[in-house]
Each structure stands twice: as C-alpha cells, then as structure tokens.
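Taking it in order: structure first as structure tokens, then the write-up.
Derivation of every value follows stated rules applied to the coordinates shown; laboratory data play no part. Every value quoted in this text rests on a predicted model; they were computed, and no experiment measured them. In this analysis, Cβ positions are derived from the backbone assuming ideal geometry, glycine residues included, and neighbour counts consider all displayed protein chains.
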Amino acid sequence: MANTFKVNFFNNGAKPGSVMLFQRDPSGNPSAQSLAWFAKYTYPATRVTFEWTTDLSFVWCDTGQLVPGIIAGASQSIAADPRGNNQITLTYAQAFNFVNLRQGGSPGTLVITADASIPPGMASVGIGMSGQPAFLVQAQPNMNSMFSPSAQYWIAFGTYEAGQVLDITLIGKPAHIVFPTNIYAMDATLGSDGNWTISPTHLAAEV
C-alpha cells in the first residue's frame, strides 16, 4: 500500500492568494506540461494541508488545445503500475476511451499509445497521482507518450486554480519540497519577504 504524504502550508505573508503544489518530471516526456496538481486559496496567518498517496493513474482530459491557463480535469482515470500494467491505448469512436491496459514498454515507465483514430487537437493524455492529473501532453494520432513516475514536488504562491495548465517558466519563487528518507510530512512556510522555509513537520514553527 502506498504511503500517505502531507504538506502543511503556513501563510506568513502579507497577502491572500492561492498556494499550489505541482510536479516536475526530470527524466520523462520533455513535451509534458505540468498542472496545478493541488491548489487552495488562503489568507495571511492561516494554515492549509495537502495529503496524497503515490498511487498512479493514466488520464485523458477533454482539453481541446493544450495551452497554459486552461483548466483540465480527468475525463477518465485508470490505475497504472510502472512495474505491472504500465501501458494503455487511447482510442476514439464517437468519444475518447482508454482500452487495452497491459504490461509493455520499458519496466519503470508509463506509456500511453494514441491510435490512428485520434482526432488532433481535441484531447490530452497524461499521468495522475492520488486521483489528480499531474502531467499532460496533447494527444495526436499514432503517438506514444512515455512518462517517468519519479516526480519532483514543488510549491508556489500566487493566482492558481486546481487543474490549471502551467507555464512553469512564469512561476515566481517556487520552492522544491524534498522528503527525507522515512519522512512523510513536511512544512512549507511562506515568509513576509516572499521567501520559503521548507522543513520536516516536527521542526517547523507554527503560525
């Protein structure tokens, strides 16, 4: 069973706004776009908590053109296993649908095959974690998309909605959250100067 991870966010800043968790994939599909995986609106001197497991899924989303700023929600989500059922096919016959979940490709990776029936520019495919889409790539006919499950967790503060497709080059002052071995809860504190303090939960100061 997958471990449950937790991030406690402390807003010690001067303004309200949305705290957002997103993932970056350092070794997977270079064309995949990150989403605002989780997002919550907060006021100064408040705390919010995000919890998740590392259970992975294949997702497709009815996005139209995949561009930063749109909000994407999973239209279908199928459990994925990098060392088991790690490949699936997206097909189209009056509607999009995942078929043929199977073991294939390279062990440790996740592969989505878009078959010849896929109309271009209508949907996106990607990987979800803990039930929420994390990465998407535009679905094109006869295309294989490969993803690595070794995600990096990042946090940012600004104006975001859950499921928003991101241009990560425009995110101001994101902070990398690294969970030490056997540590599953981290605190992320936004200071009044806009800088971050990241530490295991038992070491971080409360608001």
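For the reader, a short list of remarks on this structure follows.
- Least to most buried among M146, M20, M129 (fewest other Cβ within 10 Å first): M146, M129, M20
- For A188, nonlocal amide neighbours, meaning residues 5 or more places apart or on other chains whose placed amide H falls under 5 Å from its own, are N8, F9, F10.
- In segment 113-190, Rg over Rh equals 1.05, where Rg is the alpha-carbon radius of gyration and Rh the Kirkwood radius from pairwise Cα distances.
- Amide hydrogen proximity for Q164: with H placed 1.01 Å from N in the peptide plane, the residues at 5 or more positions away or on another chain lying under 5 Å are A36, A72.
- Sparse-neighbour loop sites [trypsin sites (Lys or Arg not before Pro); segment 9-96; at most 15 other C-beta within 10 Å; DSSP]: R83
- Pairs of Cα atoms nearer than 8 Å and 6+ residues apart set the relative contact order; for segment 123-207 it is 17 percent.
- Annotation: the residues D193, D187, D81, D25, sorted from fewest to most other C-beta atoms within 10 Å of their own C-beta, follow the order D193, D81, D25, D187.
- Mean projected area (nm²) of the alpha-carbon convex hull when segment 71-203 is viewed from all directions: 10.0 nm²
- Of H176, H202, the sequence from fewest to most neighbouring Cβ atoms within 10 angstrom is H202, H176.
- Once the Cα-Cα distance is subtracted from the 0.36 nm per residue extended length, the A175 to Q140 segment shows a gain of 9.3 nm.
- For segment 76-131, the fraction of alpha-carbon pairs in successive 10 Å shells from zero, as %: 23, 53, 23, 1
- Taking every alpha-carbon pair under 8 Å whose residues sit at least 6 apart, segment 1-148 reaches a relative contact order of 26 percent.
- When both segment 25-67 and segment 138-207 are represented by their alpha-carbon centers, they are found 9 Å apart.
- At q = 0.16, 0.21, 0.24 Å⁻¹, base-10 log of I(q)/I(0) for segment 26-114 (Debye sum, equal scatterers on each alpha carbon): -0.81, -1.21, -1.38
- Karplus (6.51, -1.76, 1.60) ³J(HN,Hα), θ = phi - 60°, over segment 95-101, in Hz, Gly and Pro reported as x: 7, 6, 7, 7, 9, 6, 5
- Rounded to whole Hz, the Karplus (6.51, -1.76, 1.60) HN-Hα couplings of segment 178-191, x for glycine and proline: 10, 8, x, 4, 6, 10, 10, 9, 10, 10, 10, 10, 8, x
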